[in-house]
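Visitor: Let me begin by handing over the structure; questions about it come next.
FYI, it's all coordinate maths here, none of it is from the lab. Just so we're clear, the structure is a prediction, and the values are computed from it rather than from any experiment. Every residue, glycine as well, gets a Cβ built from its backbone with ideal geometry; the counts of neighbours run over all protein chains shown.
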Amino acid sequence: MKKILLIFALNISVMANAQTVNVAAAANLRYVLEEIKIAYLRTSPKTKINIVYGSSGTLTQQISNGADYDLFMSADDEFPIILKKKGFTYGPMRIYAYGKLVLYSTSVNVKKGLAALNDPKVKKIAICNPVTAPYGKRSVELLTKHGMYGPLKSKIVVADNISEAAQYAYTGNADVAFVALSLTLTPQMKEKGETYIFSQSLYAPICQGCILIKRGTVNTKAAKFMKYLLSTATKSIWERFGYSLPK
């Protein structure tokens, strides 16, 4: 009996050591989260972290349908609450960062902000899907607030997520794009194009929240990774990619 219990305990220990953390992350986190992952693995080298990027709404739908995720990092605080109300999560939702909306282009002078959209050279304006992507929702709200959404609607090209919208502008498939500041701070984006940062007073706060996903067993390493994300150890990385942090 003692031998059986010992084998069982060893199996549990091996499973814990081999535990993988599957993260569903908003597309605006593509670069910052990879750096945080590298930093975290230096402190926890036995952990395996898989990250899938997409629009927050699409990831929410996947989780609702039973997708194999342990941690959800949304581009807002609304989609995590939707999952919490449906019973797909455990523990509290936490705000990990505040995002910033910008205008980016490789061919148009965007230093005039929204006025740059009236440039005759602007034929296509990329935004991400406002239904599934919080940055797209804020983009539409900003244009509507200034009476520009209607007149410019025919020029708007809708991308599946914020990373795709940025790619449209970077490759010239769109003349300008509404994107997350974090995506424009990579060396390639900075070298090839220009960025205009909108004042955060012009749109509702982009409160980015994270929450643990309920699974058959509790993934302790997912909880540990989430705790690290929220710690002061990642502060400089978040700020380098243009995010503001909760106090």
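Visitor: Among the complete DSSP H segments of the chain, which ones combine at least 20 Å of alpha-carbon extent along their axis with a mean Kyte-Doolittle hydropathy of 1.6 or more?
Guide: none
Visitor: Contact order normalised by length for the stretch 21-77, with contacts defined as Cα pairs under 8 Å and 6 or more residues apart; what percent is it?
Guide: Taking the mean separation of contacting Cα pairs over the length of the stretch 21-77, I get 60 percent.
Visitor: Using C-alpha positions alone, give me the convex hull volume of the chain per residue in cubic angstrom.
Guide: 134 Å³
Visitor: Return the subset of LYS111/LYS192; LYS84/LYS145; LYS111/LYS190; LYS86/LYS247 for which the Cα-Cα distance in this structure is over 21 Å, preserving the input order.
Guide: LYS84/LYS145; LYS86/LYS247
Visitor: Next question, about the same structure. Any lysines with Cα under 18 Å of the LYS85 Cα? List them, leaving off those in the same chain fewer than 8 positions away.
Guide: Of all the lysines, those that pass the test against LYS85 - Cα under 18 Å, at least 8 places apart if same chain - are LYS214.
Visitor: Restricting things to alpha carbons, tell me how big the stretch 194-247 is in terms of Rg and Dmax, in Å.
Guide: Looking at the stretch 194-247, its Cα Rg and Dmax stand at 15.1, 47 Å.
Visitor: So how far apart, in nm, are the two label points at ASN65 and HIS146 if each is 7 Å from Cα heading toward Cβ?
Guide: In this crude label model, ASN65 to HIS146 measures out at 3.7 nm.
Visitor: State the antiparallel share, in %, of DSSP beta bridges confined to the chain, rounding to the nearest 5.
Guide: Here the antiparallel bridges make up roughly 55 percent for the chain.
Visitor: Dividing the alpha-carbon radius of gyration of the stretch 13-108 by 2.2 N^0.38 Å (N being the number of residues), what value is obtained?
Guide: Relative to the 2.2 N^0.38 Å estimate, the stretch 13-108 comes out at 1.22.
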